[in-house]
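Quick notes on the structure that follows.
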Amino acid sequence: MEPGTVLRADRVITPDRELSPGWVVVEDGGISDLGEGDGPDAGESIDLKGLTLVPGFVDLHVHGGGGFSFDTGRADDVRGFRRWVPSTGVTSFLGTVIGLSIEDGRLSVEALASAEESEGGAELIGINLEGPFLSLERPGAIPPSWITPPDVGVFEALHDASDGSLRLMTVAPEVQGANEVIVAAQARGVTISVGHSAASYDVALRTFGGGARHVTHAFNGMSPFHHRDPGIVGAALDSAGVTIEVIADGVHLHPATVSMLVQAFGTERVALITDAVPMAGRREGSLRLGDQVATLKDGRVTLPDGTIAGSASTMDSVVRNVVRWGVCDLAGVVRMASTVPAAAVAAGNRKGRIEQGYDADLVALDSDLRVVATWVGGELAFEVKKRYKKPLTRARGRRFL
Ligand SMILES: [Zn+2]
């Protein structure tokens, strides 16, 4: 958009404040000003009548979507995903990698790292390694051939392949040798997430005490909550500042479980994720996972034995779910979909909020919380064409004096 363009919406949820009506000025890809009321009389304005403007969603845990996969080792798939995912309100994400082997995973990491600079679409803000130092007791749908005993040399090789863009790594801390890998990863600025793990409350508490800051999909891929061993989720709750991922797709967790987690942790410590597989955003499809095939049917992605193998959800759909289930208000949901995930990977100073100096990563939602338009760094990355042609027509007003 032109420098100094003003976006005017019925509501702007920053999410620390609600401006109604609100306006946002976009300059050089960033937010230069915002406020309540009609706003400045600028040269270019975009009228978002009847719409709510929120910060773009940040998905920390996503394996692909729209038919594009991060596990092919092809940078073109990453670029295709970047162009597709703004249709779901996502403006930045961590490309999440699982391999069939260490070498296979390394190639996927390399492909993501080489696609990072490409222009257009959602911003790839780093890589999330889901493994390979996980527990064979809690693999979920992860191919056992990817899981390997903790080894600093293997970590270093994956880190080197990422060209420094590794931001998050899931580790099972109870596995012998995990500590050395955790220390090495933290020294390289990688946030440690506890998951795919059978860790007890005590082990998990020690791991958070040692600097781990995040939990991979709470309750999924870990020992269940037990009243005499509250496990990883219990330990995370007792560790200030630790954030948890929640898959609010209605399949991985019961809505009441999502509500319980949000009530216990507060919206400041929950990151909504999709854990989406490449067929997310489609009605049906299948996906090879090692020597097994996962199938999408009726909104569930499962292996033949019924094991859930990622989700087919999108960030806009999990946002709608959480609102529909009455878990919290829209500001709280936006905090969990944008602000918390951005902060969890040290991007909270430029993403996850509509504030002065932040990137102009914005999503316009209609009253059903469907995505109408998405901007990444002030550039229009998605727009619903027919239905909303009128509200998005640019009105040329007087120059801002
Ligand atoms: Zn995953």
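Each value in this text was obtained by applying a stated rule to the coordinates, not by laboratory testing. Owing to the predicted nature of the structure, the values given are computational and were not obtained by experimental measurement. In this analysis, Cβ positions are derived from the backbone assuming ideal geometry, glycine residues included, and neighbour counts consider all displayed protein chains.
Worth a mention:
- Gyration tensor (alpha-carbon) shape descriptor, region 192-296, a/c threshold 1.5: prolate
- Spacing of the two label points (7 Å from each Cα toward its C-beta) at T307 and D16, in nm: 4.4 nm
- For region 295-361: relative contact order, % (alpha-carbon pairs under 8 angstrom, 6 or more apart): 15 percent
- Theoretical ellipticity at 222 nm over the chain - DSSP helices of four or more residues, -39500 (n - 2.57) apiece, nearest 500: -6500 deg cm²/dmol
- In the chain, the longest principal axis of the Cα atoms and the axis of helix 178-187 are about 30 degrees apart.
- Whole-Hz ³J(HN,Hα) from phi, Karplus 6.51 cos²θ - 1.76 cosθ + 1.60, for region 243-260, glycine and proline x: 9, 10, 8, 10, 9, 9, 9, x, 10, 6, 9, 5, x, 5, 5, 4, 4, 4
- Lys, Arg +1 and Asp, Glu -1 on Cβ, resulting dipole of region 153-216 about Cα centre, debye, nearest 20: 220 debye
- Contour excess over end-to-end distance, with Cα ends at S367 and S101 and 0.36 nm allotted per residue: 91.2 nm
- With respect to the chain, whose longest principal axis is taken over its alpha-carbon atoms, helix 315-324 is tilted by about 80°.
- Less than 5 angstrom separates the built amide H of G50 from those of D10, all sequence-distant by 5 or more or on a different chain.
- Other residues with beta-carbon under 11 Å from the beta-carbon of D59 carry, at +1 per Lys or Arg and -1 per Asp or Glu, a net charge of -3.
- Rounded, prolate or oblate (a/c below 1.5 giving rounded, otherwise prolate when a/b exceeds b/c) for region 57-344 by Cα gyration tensor: rounded
- Spin-label pair H254/E2, simplified geometry with 7 Å Cα→Cβ offset, distance in nm: 5.6 nm
- Förster radius 25 Å - calculated FRET efficiency between R324 and E36, Cβ distance, rounded to 0.05: 0.35
- Förster radius 56 Å - calculated FRET efficiency between D291 and N349 (Cβ-Cβ, nearest 0.05): 0.80
- Net length available on complete extension from E156 to T72 is 28.1 nm, with 0.36 nm assigned per residue and the Cα-Cα distance removed.
- Angle in degrees between helix 102-115 and the longest Cα principal axis of the chain, rounded to the nearest 10: 20 degrees
- Net dipole in debye of region 57-344 [+1 Lys, Arg Cβ; -1 Asp, Glu Cβ; about Cα centre; nearest 20]: 760 debye
- DSSP beta bridges fully contained in the chain are about 55 percent antiparallel.
- Inter-centroid distance (Cα atoms) of region 364-378 relative to region 170-200, Å: 37 Å
- Between region 85-100 and region 11-76, the Cα center-to-center distance that results, in Å: 17 Å
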